[in-house]
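Following: one structure in structure tokens, then a few remarks.
The values are calculated or read from the model by the stated rules, or taken from the named source; none is laboratory data. If you're wondering where the values come from, they're calculated on a predicted model, not measured in any experiment. Don't worry about glycine lacking a Cβ; one is built from the backbone with ideal geometry, like all the others, and counts go over all protein chains shown.
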Amino acid sequence: MTDTAVKKPRIGIIGTGAIGGFYGVMLARAGFDVHFLLRSEFAAVAERGLQLNSAPYGALTLNPVQAYSSADDMPTCDWLLVGAKTTSNAELAPAIIKAAAPGAKVLLLQNGLDVEDSLRDLLPDSLHLLGGLCFICVHRAGPGVIEHQALGAVNVGYHSGPALDDEVARQAIVEQGAGLFRTAGLDSQAMANLQQARWQKLVWNVPYNGLSVLLGASTTPLMADDSSRELIQALMAEVLQGALACGHSMPPGYAEHLFKVTEKMPDYWPSMYHDYQHKRPLELTAIYARPLAAAKAAGCQLPKIEALYQALSFVDRHNG
Ligand SMILES: NC(=O)C1=CN([C@@H]2O[C@H](COP(=O)(O)OP(=O)(O)OC[C@H]3O[C@@H](n4cnc5c(N)ncnc54)[C@H](OP(=O)(O)O)[C@@H]3O)[C@@H](O)[C@H]2O)C=CC1
Ligand SMILES: CC(C)(CO)C(=O)C(=O)O
């Protein structure tokens, strides 16, 4: 390497499921040194590698994989991409700390509001914490096997850490994060306001994630029925009201845009449905409870989302 050549950062994937597996494979194929922390699928991935069946990119295999069943065995990494569900964040703090190089950037690739908060207090102040919003349709089809149906963009924003009060340093870190994904051929934008962006993503996740579980329906049947279409639009409108009450404006026509995009998307089961099917905890706190609480604190009631949350809480408690 010449003196002017920049060394690529080392990347750790904390939780290698659909999201962690997809972005990890894409980054490894782009030449990054990627290390994958796994749990139930460790043996399968160590033996057979990761298989990504992607509608846009074709069948891609990463084998061998730098796979670990414990963060104690991982080399320390400059970027840690957390691909676990938000329900696991607090329990993953020790693994993140173990795998973090000094001054590492921890990027939560997760849906929901304030998902960084439960982790922040458990991490040293020296670690940067960022949020990443993934616009992608991907799921696990078996141990180490990931099905990628469509999309793939990741938007990155700064949450907290040593650069919080230094705008230039913050922007440089966020740009570096977005740059990782762009190097892997994926669209990625830096987000100036992570909270606003998290509300914006909820306009999709609040209606579709929950209704897929309660109605046992994927996007195509949900978009084909007049009653569910009306309910989706009403739920989207409530998310917009909540966001506005909390001081976040949305691009004009955003809900209508998402509605139309979903009509054109290949038939899709949101990740909450996969959690329900596999009897895993649902991400109800991140996607429903926190937005409802934030809206309520701002004096805004969201009755349809509240009812959806109550029904999902029942389902979640009886699904274990
Ligand atoms: N799937 C999608 O298309 C999209 C998902 N998202 C969001 O991305 C996030 C991740 O979702 P997704 O990838 O679908 O989830 P998955 O369930 O596919 O993956 C989660 C992974 O984290 C692993 N994990 C959990 N706890 C630990 C632990 N203690 N140690 C090691 N590994 C652990 C799980 O392992 P194990 O198998 O042992 O449980 C699993 O491999 C969620 O917040 C989701 O809402 C956002 C946009 C799209
Ligand atoms: C909204 C969608 C399907 C694509 O943007 C997604 O990212 C999700 O399932 O959370």
Kindly indicate whether A163 is over 20 Å from G20 (Cα atoms), of a type in the set (G, A, S) and assigned to a helix (DSSP H, G or I).
no
Out of the residues in the range 270-284 that are aliphatic (A, V, I, L, M) and not in a loop (DSSP other than H, G, I, E, B), state the one that is nearest to ligand 1 (Cβ to nearest atom).
M272
Only one of (1) in the same structural domain as G17 (by the TED database); (2) touching a residue at least 12 places away in the same chain (Cβ under 8 Å); (3) touching a helix residue (DSSP H, G or I) at 6+ places or on another chain (Cβ under 9 Å) does not apply to N205, and that is (1)
Just to be sure before I move on: is S118 surrounded by fewer than 24 Cβ atoms within 10 Å (Cβ to Cβ), more than 16 Å from ligand 2 (Cβ to nearest atom) and part of a loop (DSSP other than H, G, I, E, B) in the structure I sent?
no
Condition (residue is more than 26 Å from M191 (Cβ to Cβ), within 16 Å of ligand 1 (Cβ to nearest atom) and touching a residue at least 12 places away in the same chain (Cβ under 8 Å)) applied to the range 285-294: is it met by at least one residue?
no
All conditions in (1) more than 13 Å from ligand 1 (Cβ to nearest atom); (2) buried (at least 24 other Cβ atoms within 10 Å of the Cβ) are true of L50 except (1)
Can you work out which of the residues in the range 274-320 that are touching a Leu at 6+ places or on another chain (Cβ under 7 Å) and among the acidic types (D, E) is nearest to G247 (Cα to Cα)?
E306
Which listed residue, of V174, V168, V154, is at pLDDT 95 or above and part of a strand (DSSP E or B)
V154
Out of L231, L258, I need the residue that is within 16 Å of ligand 1 (Cβ to nearest atom), over 19 Å from K296 (Cβ atoms) and surrounded by 17 or more Cβ atoms within 10 Å (Cβ to Cβ). Which one?
L258
Test L108 against the criterion of being within 11 Å of ligand 1 (Cβ to nearest atom) and closer than 29 Å to K279 by Cβ, and give yes or no.
yes
Could you tell me whether the range 98-109 includes any residue that is part of a loop (DSSP other than H, G, I, E, B) and within 16 Å of ligand 2 (Cβ to nearest atom)?
no
Looking at H248, is it surrounded by 14 or more Cβ atoms within 10 Å (Cβ to Cβ), at pLDDT 95 or above and within 16 Å of ligand 1 (Cβ to nearest atom)?
no
Residue check for N205: away from ligand 1 (no atom under 15 Å from the Cβ) and not hydroxyl-bearing (S, T, Y):
no
Do you know which residues across the range 208-264 are in a helix (DSSP H, G or I), polar (S, T, N, Q) and in contact with a Ser or Thr (Cβ under 9 Å, 6 or more places away or on another chain)?
N209, S212, T219, T262
Residue pairs, Cβ under 6 Å, 6 or more apart or interchain, first in the range 15-43 and closer than 22 Å to N111 by Cβ, second assigned to a helix (DSSP H, G or I). List them.
F36/G24; L37/A71; L38/V45
Is there a residue in the range 72-80 that is within 9 Å of ligand 1 (Cβ to nearest atom) and under 20 Å from L127 (Cβ atoms)?
no
For D267, the lone unmet condition from (1) within 13 Å of ligand 1 (Cβ to nearest atom); (2) acidic (D, E); (3) outside any helix (DSSP H, G or I) is (1)
Criterion (within 16 Å of ligand 2 (Cβ to nearest atom), modelled with pLDDT of 95 or more, of a type outside the set (F, W, Y) and buried (at least 21 other Cβ atoms within 10 Å of the Cβ)) met by exactly one of G83, G12
G83
